[in-house]
Amino acid sequence: MKTTKNTTWKQRLSSNSNLKNEIKSIFRFAKKYHYSHDTILEHLKTRIYDKPKYTTLPNYMQSSLNGYIDANLDLMYECIEWVHWYNNEFVGKDLVFDKNFKQDLVTKSEHVYIGTQDIY
């Protein structure tokens, strides 16, 4: 495969556009297939940050792409919610704080995709 050097404006603009489409694809599949946060970061590293298309872009274009990635990461919070496991049993957001509540029995609290137990 030919290495992208981004020496002309046309190449830079094309690389920028291609990388934005790749970022959109990563986040679209993350929402569809409930990727974990670590998996999303790994995809970003291998498919964006390690590619010559990204590394040979000027710093201001790299910063723009980083902002685009940050915005998409922030949008992921529309798809997730903070839930709990109490006594190794999934209780979701319905953690009942009554007189019998024991903090020690809260075994895990995580972000999950809304309506599932798939950990983000």
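For the chain, what relative contact order do you get, as a whole percent, if you take Cα pairs closer than 8 Å and at least 6 residues apart?
This gives 24 percent for the chain.
Would you give the gap between the C-alpha center of the range 39-99 and the C-alpha center of the range 106-120, rounded to a whole Å?
A separation of 14 Å, based on Cα centres.
Contour minus end-to-end for Val96 and Thr7, with contour as 0.36 nm per residue of separation and end-to-end as the Cα-Cα distance?
Difference between extended and current length: 26.0 nm.
Calculated from DSSP H runs of 4 or more alone, at -39500 (n - 2.57) each and per residue, what is the 222 nm mean residue ellipticity of the chain, nearest 500?
It comes out at -14500 deg cm²/dmol, rounded to the nearest 500.
Identify the residues of the range 100-116 with backbone N under 16 Å of a label point that sits 7 angstrom from the Cα of Asn87 along the Cα-to-Cβ direction, or state none.
Output list for this probe position: 100-108.
Taking trypsin sites (Lys or Arg not before Pro) as exposed when DSSP calls them loop (any state but H, G, I, E, B) and at most 14 other Cβ atoms lie within 10 Å, what is the longest stretch of the chain free of them, the sites themselves excluded? The partial results should precede the final answer.
On the way: sites that count: Lys2, Lys5, Lys93, Lys99, Lys102.
The segment 6-92 is the longest one with no such site.
Fully extended, how many nm does the chain gain between Ser17 and Glu110 (0.36 nm per residue separation, minus their Cα-Cα distance)? Please report the intermediate quantities before stating the final value.
Working: separation 93, 0.36 × 93 = 33.48 nm, distance 3.44 nm.
Length gained, Ser17 through Glu110: 30.0 nm.
Each reported figure results from applying straightforward, stated rules to the coordinates on display, with no laboratory input. As the structure is a prediction and not an experimental result, all values here were calculated from the model. So basically every Cβ, Gly included, is an ideal-geometry build from the backbone, and we count neighbours across all protein chains shown.
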